[in-house]
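This report concerns only the one structure given below.
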Amino acid sequence: MTDKNVIIKQLQDAIDQLKRENESLKGHIKELEAKLAMHDNAHTPPSLKRGGKRKKDQDAGDRKKPGQKNGHKGVTRPPAKPDRQVDVMKDRCPDCGAELGVPVSVESRIIEEIPEPQPVIVTEYKIAHYTCPHCQKEVVATDACCPKEGRFGNNTIVQAALLKYEDRLPHRKIQNTMMRQHGLKISPATILDLTRRAADAVQ
């Protein structure tokens with residue numbers, strides 16, 4: 001191959017390379033023009049202006065069949081054991097007033113319910129003081145339900161501690177909870193003291 005032919009081949013290869021690059025640039029220009037038109041459209045949502053896909057387009061590729069997979073064992077919560085039983089009876093027909101007599105069947109339904117907010121129980125402790133006839137020392141009677149200090153009982157102290165340390169509630173919300181659940185008026189400062197006493201008791 002002569003030098004002339006070598007030069008011609010090199011030029012032809014360069015032309016082919018330029019053609020390929022030109023086609024690639026044309027495709028890139030069309031893509032940029034499409035994005036620019038999308039930005040100029042006032043009805044295009046911001047998520048699509050940032051180059052995102054529509055949600056339905058995103059979900060189309062990875063949409064899964066709803067429900068549990070084949071072979072998955074279902075888990076059913078066992079019914080609770082009733083604490084009491086209520087017989088729901090009716091004497092007369094609500095339409096004609098006739099006596100209904102003995103039921104033809106009895107349907108059983110187990111309902112789990114939380115009790116209504118319980119009111120505060122106020123107890124007055126009459127604490128007896130004695131003088132020992134043998135050593136002459138004073139002896140003060142005690143009761144497990146009567147705390148040694150303060151005017152709030154053990155259950156109130158425990159409840160305040162649980163709301164504080166288990167539920168992570170601030171003192172103001174503990175105050176609101178005590179008032180809502182039990183009608184107990186208690187200040188945030190007192191709640192702080194109750195939680196301190198609870199912490200001291202477990203140390």
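Couple of notes before you dig in:
- Sparse-neighbourhood loop sites, trypsin sites (Lys or Arg not before Pro) in the range 107-169 - DSSP loop, at most 15 other Cβ within 10 angstrom: 109, 126, 137, 148, 151, 168
- Rounded if a/c under 1.5, otherwise prolate or oblate - the range 73-203, Cα gyration tensor axes: prolate
- Our coupling estimate for the range 111-120, obtained by passing each phi through the Karplus curve with A = 6.51, B = -1.76, C = 1.60 and θ = phi - 60°, is 10, 9, 9, 8, x, 5, x, 8, x, 5 Hz, Gly and Pro reported as x.
We did not get these values from a lab; they are worked out from the coordinates using the rules stated. Everything numeric here is computed off the predicted structure, so don't read it as measured data. Note that each Cβ is placed from the backbone with ideal geometry, even for glycine, and that neighbours are counted across all protein chains shown.
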